[in-house]
Amino acid sequence: MKKILAGLFIIVVVAVTVVFVTKMGNATAAADTDYLRIHVRANSNEQIDQSVKYLVKDEVVKFITPYAAQCVDKDAAIKVISGILDGIEEVCDRVLRQNGFTYTSRASVRAEEFPTRVYGDLTLESGIYDALIIELGSGSGDNWWCVIYPPLCFTSATADVQYRSAIYDIINKFFGKK
């Protein structure tokens, strides 16, 4: 009886592992398309350029927040953000001028490859993501990043965003819990 139970246990573990690996592969591919990211890239890694990057980020977040709050899906977010790129650049350039910088900004929404990043409990796997890219000056310095959709940085609704564990879902599905 112990051998039968041990055998069944091994089969269950292997089955759950196979399903988990399959699901995770699919979840990663889907995740690449479910997010609209934002990257504010500093002119350089000099302290002064890194400092102004955060000032720009603060003002851009204030500017984008009411727009991002209206978005019900990623496609809507891309459309809305693409429609306010000139305003985003105006905000960035104003902050740069106010702080004595002569370089300007460029804002665009485009697909780019990104490495794995962690935001609190959320891990965005490496892959190609749509993103609002804001380049300050040469844009060759370190960046600040977050997610516009779902709204992790731009609304008070962030507390309502929930992420579920794939393992938890698979185990509950396997054992019949919903």
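In this rough spin-label picture, where each label sits 7 Å from Cα along the Cβ direction, the T104-E46 distance is 2.0 nm. Working note: Karplus 6.51/-1.76/1.60 with θ = phi - 60° gives segment 66-81 the couplings x, 6, 5, 5, 7, 7, 9, 7, 5, 4, 5, 4, 4, 5, 5, 5 Hz, where Gly and Pro are set to x. The amide H of I148, built 1.01 Å from its N in the peptide plane, has L36, R37, I38 as neighbours under 5 Å, considering only residues 5 or more places off or on other chains.
Spin-label pair A111-E59: with each label point 7 Å from Cα along the Cα-Cβ axis, the two points sit 3.3 nm from one another.
What the phi angles of segment 96-112 give under the Karplus curve with 6.51, -1.76 and 1.60, with θ = phi - 60°, is a coupling list of 4, 4, 4, 9, x, 8, 9, 7, 10, 10, 9, 10, 8, 10, 7, 8, 9 Hz, glycine and proline written as x.
Residues whose amide H falls under 5 Å from that of G141, counting only those 5 or more places apart or on a different chain, are A42, N43, S44, with hydrogens built in the peptide plane. Here segment 32-118 has 49 percent of its accessible surface on carbon and sulfur atoms, given a 1.4 Å probe and all protein chains in place.
The values are calculated or read from the model by the stated rules, or taken from the named source; none is laboratory data. Since the structure is predicted, the reported quantities are computational estimates derived from the model, not experimental observations. Reconstructed Cβ throughout: ideal geometry from the backbone, glycine too, with neighbour counts over all protein chains shown. Side chains included, ligands, DNA and RNA excluded: accessible areas come from the protein's heavy atoms. Shrake-Rupley method; radii C 1.70, N 1.55, O 1.52, S 1.80 Å.
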